[in-house]
Amino acid sequence: MALFTATGVGRHDAAARQASFLRNFELFDAPHVALFFMPRSFGMREASDVGMYVQTLMLALTANGLGSCAQGALGHFAGTVRRVLGIPDDLLCLYGLSFGWPDPGHPSAAARTDRAAASDLVTFHA
Ligand SMILES: Cc1cc2nc3c(=O)[nH]c(=O)nc-3n(C[C@H](O)[C@H](O)[C@H](O)COP(=O)(O)O)c2cc1C
């Protein structure tokens, strides 16, 4: 995995992998986080609407020089977040988005993920 390679975490180093996962809950040192909720009564279609919204937000952040990381892991403690922020129970936490000015000197900044070829994702019909 690109992040593990960039940060020197070995494939079989369970403790380092666990520590890397726990970095999610330090927001990877980002100063800000946005948490995205939707009413529990909503379904997959609305969840995909939220996804498109967040994607657009990430593009806008990038266009302004900011970095961001979508984090499904932040939904793991949604109960605590709801309690602390006074968010009603009928709102479901989909994920969080940590963001801030990127730190180009951090080892994780060197991580590069692959992109699938368009031909792997799209089928064209005449
Ligand atoms: C909806 C969604 C949830 C994600 N959740 C996490 C997460 O909880 N923790 C994490 O480290 N990366 C998570 N990722 C992956 C990162 O946000 C990011 O996509 C990855 O580091 C690759 O970055 P890149 O797409 O800019 O190459 C998630 C991505 C998406 C789209």
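What follows draws every value from the coordinates through simple rules; no lab data is involved. Since the model is a prediction, treat every value here as computed from it, not as a measurement. Backbone-built Cβ (ideal geometry, glycine too); neighbour counts: all protein chains shown.
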>> Condition first: touching a residue at least 24 places away in the same chain (Cβ under 8 Å), away from the ligand (no atom under 14 Å from the Cβ) and either under 24 Å from Leu66 (Cβ atoms) or hydrophobic (A, V, I, L, M, F, W, C) (or both). Now tell me which residues in the stretch 1-36 satisfy that.
In response: Pro31, His32
> Of the residues in the stretch 70-97, how many are touching a helix residue (DSSP H, G or I) at 6+ places or on another chain (Cβ under 7 Å) and either over 24 Å from Arg45 (Cα atoms) or among the aromatic types (Phe, Trp, Tyr) (or both)?
Replying inline: 1
> If you scan the stretch 58-93, which residues turn out to be in a loop (DSSP other than H, G, I, E, B), within 25 Å of Gly105 (Cβ to Cβ) and in contact (Cβ under 8 Å) with a residue 24 or more places away in the chain?
Replying inline: Gly65, Leu66
> With Leu85, Leu61, Leu74 as the choices, which residue is near the ligand (Cβ under 9 Å from one of its atoms) and hydrophobic (A, V, I, L, M, F, W, C)?
Replying inline: Leu74
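What number of residues within the stretch 1-15 are within 20 Å of the chain's Cα centre (by Cα) and loosely packed, with under 15 Cβ neighbours inside 10 Å? Explain how you work it out, then say what you get.
Going residue by residue through the stretch 1-15, those that are within 20 Å of the chain's Cα centre (by Cα) are 1-7, 9.
Within this subset, residues satisfying the condition of being loosely packed, with under 15 Cβ neighbours inside 10 Å are 1-2, 5.
Here the count works out to 3.
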> What tally of residues in the stretch 94-126 results from selecting those that are of a type in the set (S, T, N, Q) and either more than 24 Å from Leu61 (Cβ to Cβ) or part of a strand (DSSP E or B) (or both)?
Replying inline: 3
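Only one of Phe28, Phe36 is within 13 Å of the chain's Cα centre (by Cα), more than 26 Å from Asp114 (Cα to Cα) and of a type outside the set (Lys, Arg); which? Please lay out each step first, then the result.
On the way: Phe28 fails: more than 26 Å from Asp114 (Cα to Cα).
Result: Phe36 is the single residue among Phe28, Phe36 that is within 13 Å of the chain's Cα centre (by Cα), more than 26 Å from Asp114 (Cα to Cα) and of a type outside the set (Lys, Arg).
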> For the stretch 31-62, what are the residues that are of a type in the set (A, V, I, L, M, F, W, C), in contact with a strand residue (DSSP E or B) (Cβ under 7 Å, 6 or more places away or on another chain) and within 19 Å of Ala78 (Cβ to Cβ)?
Replying inline: Val33, Ala34, Leu35, Phe36, Phe37, Met38, Ala47, Val50, Val54
> Any idea how many residues of the stretch 79-104 are buried (at least 16 other Cβ atoms within 10 Å of the Cβ), aromatic (Phe, Trp, Tyr) and touching a Pro at 6+ places or on another chain (Cβ under 9 Å)?
Replying inline: 1
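Could you list, in sequence order, all residues of the stretch 1-13 that are more than 26 Å from Ala78 (Cβ to Cβ) and either of a type in the set (Lys, Arg) or in a helix (DSSP H, G or I) (or both)?
Ala2, Phe4, Thr5, Ala6, Thr7, Arg11
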